[in-house]
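Worksheet for the structure shown next.
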Amino acid sequence: MCSDYPSGGIIESIEPKSIADELGWMPGDEILAVNSHILHDIIDFRFYSSEDHITVTVRRGDQIADFEIEKDADEPLGVEFKDILFDGVRLCGAHCIFCFVEQLPRGLRKSLYLKDDDFRLSFLHGNFITLANVSEDDLQRIVTQRLSPLYVSVHTTDPDLREKMLGRKAPDVLAQIDFLARGRIELHTQIVLCPGINDNKYLDRTIEDLAARYPTVQSIAVVPVGLTVHRRNKTPIGGIDAQYSARILDMVKQKQRRFLAEKGTRLVWAADEFYLCAGRPVPKASAYEGFPQIENGVGLVRTFKDSAARAKRILPSALPEPLTVSIATGKLAASLVEEWVATLRVENLRIQVMPIENTLFGSTVTVAGLLAGRDIIDQLSGRDLGDMLFIPSVAVRDSILIDDISLNEISSAVDCPVVSIDPWPYQFIKRIIELSRNGVKVD
């Protein structure tokens, strides 16, 4: 009987006094189905258990039991699962000519080499997906369960070029978007711009094709390709310089004006990197219309500048005791941070900005989110960093940087307390005020 069901959701914890607790469910129990619907993930579980009368099939060891439950609609059962995807992550079958995972150096932690392309993670976490491995049944499920919004890597709407860029056969992405449109699913889309490949007429066509599908397509982000020294794909991709960036910004601005007049939204945005590379000021906050793609590097600079303006309101004129701190950041953001630091006038406060050259991925990778611990150690060891070194939180996960170097290891190597901090001036100034009051402490 156990073999009649695939793997379900393993319970990790039970909320006290919940329905699950009253039924005697335990951590380690496996929820297999709700109302005879096999569960593939937490989305299925939430969707089918939202009714007021449900039958839940649970496995404990070799025993399977059905529990009939009457409850309020949408009342939770009180369980947490070990994994949100019961049947595992759907892997990406593409070999994009610019795939960042395939440009990673060898020897990093295994999780970094996982190439997911799972529409469920797009819905749950905002991961970008290609839709290349999505079946008709998947599309119907997306519509039925209202998995909206989704985040889609389009890159180009030219079918032949898209297959070339993805390195695999792929369904017509516009036909897929049209199907989702009929189901009223909203999409945020991105175009990873590869000079000499999907720019010029292809970029124009892609933006126009996606814009024609507004409001299903809620936003279009044009982001620059990221290339590392470890790239093994032989397809030539051009570089992005100030002149090229300026041309892209001019094109995007022209389309924004037309879309705003025709649709009431700018719809398409260029990533911050184009503005920094071209040496142009970023738009004001209202021009980003709620920052729908800030996690994709669209509007971070504006958010930084506005945070700097708010920081001035809490900025003290002086600290009670001298304090020197250092900020490690990527080459791309260094000038922005230095420009802000130069405006600060606080007696007894000295801030040093430390731009870090990325030798792990190569000098063309300049973003702070890919800072390597070894680079920080090699470039800052022996330098007077003052009372504390700050590393942007976008570069840190669970106190570890991308190359498995921990904050504690960096601290020992550079002989200075090291903490990660959100990369916004307001949060930074708050931390400086705390340090001045309480002394240097590492949480």
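All of the numbers you see were taken from the coordinates with simple rules; none came from a lab. Here the structure is a predicted model, which is why all the values come from computation and not from measurement. For neighbour counting, all protein chains shown are included, and Cβ atoms are generated from backbone atoms with ideal geometry for every residue, glycine included.
Some observations on this one:
- 37 °C / 0.692 mPa s Stokes-Einstein diffusion coefficient of the stretch 169-243, Kirkwood radius on C-alpha pairs, µm²/s: 232
- Along the stretch 202-217 the Karplus relation, 6.51 cos²θ - 1.76 cosθ + 1.60 evaluated at θ = phi - 60°, assigns HN-Hα couplings of 5, 5, 4, 5, 4, 4, 5, 4, 6, 5, 5, 10, 6, x, 4, 7 Hz to successive residues, with x for each Gly and Pro.
- Scanning residues 5 or more positions from residue 354 or on other chains, those with amide H under 5 Å from its amide H are 327, 328, 329, with H placed 1.01 Å from N in the peptide plane.
- Euclidean distance of C-alpha centroids, the stretch 1-51 and the stretch 302-316, integer Å: 47
- Proxy reagent accessibility, fewest Cβ within 10 Å first, across 274, 86: 86, 274
- The distance linking the stretch 258-279 with the stretch 171-243 is 14 Å (Cα centroid to Cα centroid, whole angstrom).
- Inter-part distance where the stretch 107-151 and the stretch 372-388 are each reduced to a Cα centre, Å: 38
- Highest GNM mean-square fluctuation among 430, 110, 169, for the chain modelled with Cα contacts below 10 Å: 110.
- At q = 0.09, 0.13, 0.14 Å⁻¹ the log10 of I(q)/I(0) for the stretch 304-438 amounts to -0.24, -0.51, -0.60, computed by Debye summation with a single uniform scatterer per C-alpha, solvent ignored.
- Loop-resident sites, the stretch 348-392, for trypsin sites (Lys or Arg not before Pro), counting at most 16 other Cβ within 10 Å (DSSP): 383
- If R0 is 60 Å, the Cβ-Cβ spacing of residue 261 and residue 64 corresponds to a FRET efficiency of close to 0.50.
- Anchor residue 71: lysines whose Cα lies under 27 Å away (excluding residues fewer than 8 positions away in-chain): 17, 82
- Karplus 3J(HN,Hα) series, Hz, for the stretch 93-99 with 6.51 cos²θ - 1.76 cosθ + 1.60 (x for Gly, Pro): x, 8, 10, 4, 5, 10, 3
- Remark: spin-label model distance residue 87-residue 148 equals 2.4 nm, labels positioned 7 Å along the Cα→Cβ axis.
- Amide H to amide H, with H built 1.01 Å from N, residue 388 comes under 5 Å of 326, counting only residues 5 or more places away or on other chains.
- Two-site FRET efficiency, residue 10 against residue 168, from Cβ-Cβ distance with R₀ of 30 Å, rounded to 0.05: 0.40
- Orientation-averaged projection of the chain equals 25.0 nm² [convex hull of Cα atoms, one quarter of hull surface area].
- Karplus-based coupling profile of the stretch 108-124, in residue order and whole Hz: 7, 5, 4, 4, 5, 8, 6, 9, 8, 8, 10, 4, 5, 6, 5, 5, 6, with θ = phi - 60° in 6.51 cos²θ - 1.76 cosθ + 1.60 and x standing for Gly or Pro.
- Cβ-placed point charges (K, R +1; D, E -1), dipole of the chain about Cα centre in debye, nearest 20: 2280
- Furthest towards positive pole of dipole, 38, 402, 315, structure part the chain, Cβ charges: 315
- When the chain is treated as a Gaussian network with alpha carbon springs shorter than 10 Å, the biggest mean-square fluctuation among 220, 421, 38 belongs to 38.
- Order of 122, 363 - criterion: other Cβ atoms within 10 Å of each residue's Cβ, fewest first: 363, 122
- With a Förster radius of 30 Å applied to the beta-carbon distance between residue 289 and residue 53, the computed FRET efficiency rounds to 0.10.
- Residues of type lysines that residue 430 reaches as a straight line, Cα spacing below 19 Å, ignoring anything fewer than 8 places off in the same chain: 305, 312, 441
- Spin-label pair residue 158/residue 112, simplified geometry with 7 Å Cα→Cβ offset, distance in nm: 3.4
- Per residue, the chain reaches -9500 deg cm²/dmol at 222 nm when only DSSP H runs of four or more residues are counted, each adding -39500 (n - 2.57).
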